[in-house]
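One structure is given below, encoded as structure tokens.
Every number in this text was worked out from the coordinates using simple rules, so none of it is lab data. Since the model is a prediction, treat every value here as computed from it, not as a measurement. Cβ placement follows ideal geometry from the backbone for every residue including glycine, while neighbour counts extend to all protein chains displayed.
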Amino acid sequence: MANPLSSVLKINAGIVLALLLCIASPAVAQKPFVEGVIVYRVKLATPDKHYYDGQFTFTIKGGNIKKELRLSNNYQYVLLINTASKSAYSLITRNGKKYAVQLKTEELENSQRKYEGFALKEEKNTGKVIAGYTVFKGRVTYTDGSVSEIYSTPDWYPDKSIVYDHFPGAKFLPLSYTYTDESGSSMQFEAETVNISPVENSIFKLPADYKIISNNEYRQLRK
């Protein structure tokens, strides 16, 4: 006959072990970022040693996404995306005229292809706090062998893969990272605020004073 006291001790030992494993594990209940505003401080450095500051704002509500970049040299870039209708508009001012250049989300997704399949490695909690979150330092390695340092939080992740060009399908929220393009210009991003709150639908509407044109029509304007 089994000793009842021995059984109780085994059960208690199992509970203690489970608790210790929970304490030791950095498990986080991840949540999709479906609505809110993220504002990044941006620093741009060009190969000819010009430097600009600015802000990059991501406004998100379900499948509606607005990306807005403003730099100190008066450069402005606004992109409106609707994943439900698979449409996108780039808002551009050229020669004093305002245009909403019509795009397809498929075009934007194709530009992400080279970043797919990346791996986030060497994650380490350094205790650094960005935008109110204790971040993990890691290295993102892409399939072409290129590597980028990143600080991120595992608390949230983008609900739509199209949100971050360089991190399609990410299961983390990037809060500080640097990107260098083919021309040698580098852009450093660091989150200033992460605001999880309701967003007005009107933010994603096309401004009435912008003329809708196709991407081919815009290419003709640039000639």
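What to note about this one:
- Footprinting exposure proxy for ASP155, ASP165, ASP181 (fewest neighbouring C-beta atoms within 10 Å first): ASP181, ASP165, ASP155
- The DSSP beta bridges internal to the chain are antiparallel in roughly 90% of cases.
- Spin-label model distance (nm) - SER183 vs SER87, 7 Å beyond Cα toward Cβ: 3.0
- Net length available on complete extension from ASN73 to SER161 is 28.7 nm, with 0.36 nm assigned per residue and the Cα-Cα distance removed.
- The calculated Kirkwood hydrodynamic radius for the stretch 66-112 is 11.6 Å, given to one decimal from all distinct C-alpha pairs.
- Model label zone, ARG94; criterion: amide N under 11 Å from point 7 Å along Cα-to-beta-carbon; scope the stretch 203-223: 213-223
- Value of [θ]222 nm, deg cm²/dmol, for the chain, DSSP H segments ≥ 4, -39500 (n - 2.57) each, nearest 500: -5000 deg cm²/dmol
- Above-threshold pairs, the threshold being 26 Å between Cα atoms, out of LYS61/LYS128; LYS43/LYS114; LYS43/LYS67: LYS61/LYS128
- Cα pair count fraction exceeding 28 Å, expressed as % - the stretch 31-222: 27
- Using a cut-off of 30 Å between Cα atoms, the listed pairs LYS31/LYS97; LYS31/LYS211; LYS121/LYS205; LYS171/LYS223; LYS66/LYS211; LYS104/LYS124 include LYS31/LYS97; LYS31/LYS211; LYS121/LYS205; LYS171/LYS223; LYS104/LYS124 as exceeding that distance.
- Computed label-point distance, nm, for sites ILE203 and ALA119 using a 7 Å Cα→Cβ extension: 3.6
- Rough spin-label spacing in nm, given labels placed 7 Å along Cα→Cβ, for GLU217 and LYS137: 5.1
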